[in-house]
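See structure below.
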Amino acid sequence: MKFKILPSDTLLPHFSIQEDELGKRMADLQEFQNTIQDFTFYTSSSVVYSSKIEGVEIELDSYLKHKLLGVKFLVDYTKKADDLFEAYSFARNNMLNEKNILKAHKFITKNFLRASERGRWRVSPMFVMGGERILYVATNPEQVKGELVKFFADLSLLLKNELSIRETFFYASLLHLIFLNIHPLNDGNGRTARLLEKWFLASKLGDKAWQIPSEKYYYQNKNEYYHNLQRIGFEYDTMDYSKTLPFVNMLVACV
């Protein structure tokens, strides 16, 4: 495949896992028995850990009681996770093309961005802070739309082509990575990128891919997650995608 923005296929032969091993791991995941209840259970875990990566204080046990048993908590405790859950539910039933990613972003950011900034690509400079220092300088605002055109062209190409299980994991992680590097939103980029990765897996591998504990793994290995992002480069225009594999390999490590 000829990509416009994703790193070339030269990286794929060095991907850490072989097709038969990954196929066995995926076969061990159970098919959904009660579709709604199973999706609720596994997606509750996904949204809790994706939220916790961003510093939201929410615990899985409490959130499962909230979603499955109807236990009432203070609204402030569950609202950001509930918003993210709504975005996952939307993604389960809709292709995450450009229009629908922006719709998902509206759900995700309902309780922490102004209405004028929800569901819109950014038009201002963006950098990522870590403590009191800048960790990463994102795409210049005038580049965002052009980079997104290339990103969605590559996504469309991947969706049209048949992929092996190994290729599906590889490209799902690359989509996550490139979206984060473009950083096209004023906030909620990480949560949106992790949702995009999970949706792509499910679109290729079926409903049981929603139970892959990627968000939990990233949270439990948060320092490594951010380190593997940072090793690729400090500024968007100087990204070195030859250093991508440690990040990509994290996704298969969680299965």
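Each value in this text was obtained by applying a stated rule to the coordinates, not by laboratory testing. On a predicted model such as this, the values are computed, not experimentally measured, just so you know. Every residue, glycine among them, receives a Cβ derived from its backbone with ideal geometry; neighbour counts consider all protein chains shown.
Between SER124 and GLN230, the C-beta separation translates, for a Förster distance of 25 Å, into a calculated FRET efficiency of about 0.65.
Between LEU135 and ILE36, the modelled labels are 3.9 nm apart [label points 7 Å from Cα along Cα→Cβ]. Note down the relative contact order for the stretch 137-255 as a percent, whole number, built from C-alpha pairs under 8 angstrom at least six residues apart. It rounds to 29 percent for the stretch 137-255. Sorting the Cα pairs of the stretch 1-94 by distance into bins of 10 Å, from 0 upward, gives 13, 31, 27, 22, 7, 0 percent per bin.
Most tightly packed first, judged by the mean number of other beta-carbon atoms within 10 Å of their residues, the peptides 212-220, 64-72 read 212-220, 64-72.
Across the chain, the mean sequence separation of Cα contacts (distance under 8 Å, 6 or more residues apart), normalised by length, yields a relative contact order of 26 percent.
A value for P(r) over Cα pairs in 10 Å bins from 0, in percent was derived from the coordinates, and within the list (i) 6, 22, 26, 23, 14, 7, 2, 0; (ii) 7, 28, 31, 15, 6, 6, 4, 2, 1, 0; (iii) 7, 31, 39, 19, 3, 0 it appears as (iii). Simple spin-label estimate for LYS2 and ASN94 gives 3.3 nm between the two label positions (7 Å along the Cα-to-Cβ direction from each Cα).
Holding the Cα-Cα limit at 26 Å, pick out from LYS99/LYS150; LYS80/LYS204; LYS79/LYS204; LYS110/LYS216; LYS103/LYS150 the pairs that are longer than that. Please list the in-between numbers first.
Numbers: LYS99/LYS150 15 Å; LYS80/LYS204 28 Å; LYS79/LYS204 30 Å; LYS110/LYS216 23 Å; LYS103/LYS150 20 Å.
Flagged as over cut-off: LYS80/LYS204; LYS79/LYS204.
Would you mind pulling out the separation of the Cα centroids of the stretch 206-255 and the stretch 37-67, in Å? Measuring centre to centre over Cα atoms gives 20 Å.
Amide H contacts of LEU135: VAL128, MET129, GLY130, each under 5 Å away and 5 or more positions distant or on a separate chain (H built 1.01 Å from N in the peptide plane; Pro and chain starts excluded). Once the Cβ-Cβ distance of SER164 and ASP61 is raised to the sixth power relative to R0 = 35 Å, the FRET efficiency obtained is 0.40.
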